[in-house]
1. Going from most exposed to least, what order do Arg390, Arg315, Arg398, Arg253 have by accessible area with a 1.4 Å probe?
2. Show the residues, 5+ positions off or on another chain, whose built amide H is closer than 5 Å to the amide H of Phe223.
3. Suppose only helical runs count, i.e. DSSP H with n ≥ 4. What mean residue ellipticity at 222 nm does that imply for the chain under -39500 (n - 2.57) per run, divided by all residues and rounded to the nearest 500 deg cm²/dmol?
4. How would you rank 256-266, 43-53, highest first, on the average number of other Cβ atoms within 10 Å across their residues?
5. Which links in Lys343/Lys368; Lys343/Lys401; Lys84/Lys121; Lys170/Lys258 stretch past 18 Å when you go from one Cα to the other?
6. Given (1) 1.22; (2) 0.91; (3) 0.97 as candidate values of Cα Rg over 2.2 N^0.38 Å, which corresponds to the one derived from the coordinates?
7. Using θ = phi - 60° and the Karplus relation 6.51 cos²θ - 1.76 cosθ + 1.60, list the HN-Hα couplings for region 380-392 in order, rounded to whole Hz, with x at every Gly or Pro.
8. Could you check the simple spin-label distance between Trp29 and Ser147, using points 7 Å along Cα→Cβ, in nm with one decimal?
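The values are calculated or read from the model by the stated rules, or taken from the named source; none is laboratory data. This one's a predicted model, so the numbers in the text were calculated from it and none came from an experiment. Here Cβ is always computed from backbone atoms with ideal geometry, including for glycine, and neighbour counts include all displayed protein chains. Ligands, DNA and RNA are excluded from the accessible area calculation, which covers all protein heavy atoms including side chains. Shrake-Rupley method; radii C 1.70, N 1.55, O 1.52, S 1.80 Å.
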Amino acid sequence: MDEEDQLIQPQDQSCWATLPDVCLRRVFWWLGDRDRSRAALVCRKWNQMMYSADLWRYRTITFSGRPSRVHASEFESALWYVKKFGHYLEHLEIKFLNPYNAVLTKKFQVTMRGLLSCLGKSNNRLKSLSIQHLELDRLVWRNSIRSSFMKSLSFFLKKMGRHLNYLSLKGARLTTEQGCHILNALSYLRNESTVSELNIEDYFSHHLAVYSSPQFSKTMATFRNLVSLTLNYNCISDELLENLCDNNAGTLRTMNIKCHIHDPHGQVIWGMSWAKLARHTTSLKVNFFFERVMKYERLARILLQEIPIRSISLRSCYFSDPDWSMRPTLTDLLPTFRHTLQKLTFEFNNNHESLDEELHLLILSCRKLFYFKIWAFLDVKFVERLLKSREEGQCALRTLKVRIYTNRYETNEEDRTLREIYRRYRKLIDSELNYFVIAYPMM
């Protein structure tokens, strides 16, 4: 047979052509929308992969709050995504970062109206919705813009609320009436909500005594399936605890409570209300986060011994008060929870008092404590004492994060000592601890 009559054998195909679907799907997972669209033009198989439901179930849409040509297409691309792939969506997170002016809030409102309307028509899979840090009480949100956005959101929740398991409206900053109106949309025509995880931290504006609102108590009574609840302490009341006990005793596992210095937190909560809730929700764990609420008298009124507290975070944000002392809190209050405390986070300015001994004794007394983080004025040897106690089995720490404040610009001496401590306990640190310790000039 002549060479010219011979069939020319095709070259071996590229390995990409025979790539298994599961691997190709993983490649597409890491691509952005623009690159996915380009890749879909390669061949029919890749075009089909573009419409794989697994690629579009999770979505975070971020809108910049600053006027910029670079971010000008964000609003259009968000609508494009929802119209094309919104029916696959199961978990949606929306961020609107620090809007600069009313023009941008109006553009966001119009975009959200179209986005939520499209989702409401095409999607019946959405399980999780997060719209955080809108700060609707700022002046850039004019009344008409705010009202239009709330109307769109309420209508969407009325229609989709029965599907949602998770809702976060953290940082919305609404009035009590506005906030309750949106939450009530979740139970529209059903008189109860099926949401199991609710995050309403900073949902209401600062300075509002939400705990005294009958409307809020009535709204929270519609939640009958809560597993996790995150909110501010200015929402806590005996009535709320009673509602949680009556309606969520079989499901409630976690309460995250934030207490900010600017939120009203002087209400009286009876210990028997917490005791009843703890008795009926046997797996309940409560986590407290305090922002600049540091004085013993205030903390003692809030941290009642009947509360099943799992973690406490006390942050003063560099606030300094020479008349304030952390010692009574460390020696008298926190040891009350030594049988349940698992996490402790401290950030305070104790330049006027040494607390190394009190902190060490507190850690030794909390036998379940596995996480400890502190930013404070400490002696470097404090870290060595903790590591020695851990090595000897006197504490159960698995995470140790320490920032040691100093009054000097140079930290060479502290750094040298910390390196020596690390070398001495390197085996323990590398094998059993999540360890991060630095010296930091506090000038």
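1. Ranked from most to least accessible, the order is Arg398, Arg253, Arg315, Arg390.
2. Distant-sequence amide H within range of Phe223: Ser193.
3. Values: 15 runs with 159 residues, N = 443.
Calculated mean residue ellipticity at 222 nm is -10500 deg cm²/dmol.
4. With the highest mean Cβ count within 10 Å placed first, the list reads 256-266, 43-53.
5. none
6. (1)
7. Computed from phi, the couplings for region 380-392 are 4, 5, 4, 5, 5, 5, 5, 5, 5, 5, 5, 5, 8 Hz.
8. Taking the two extended label points, one gets 4.7 nm.
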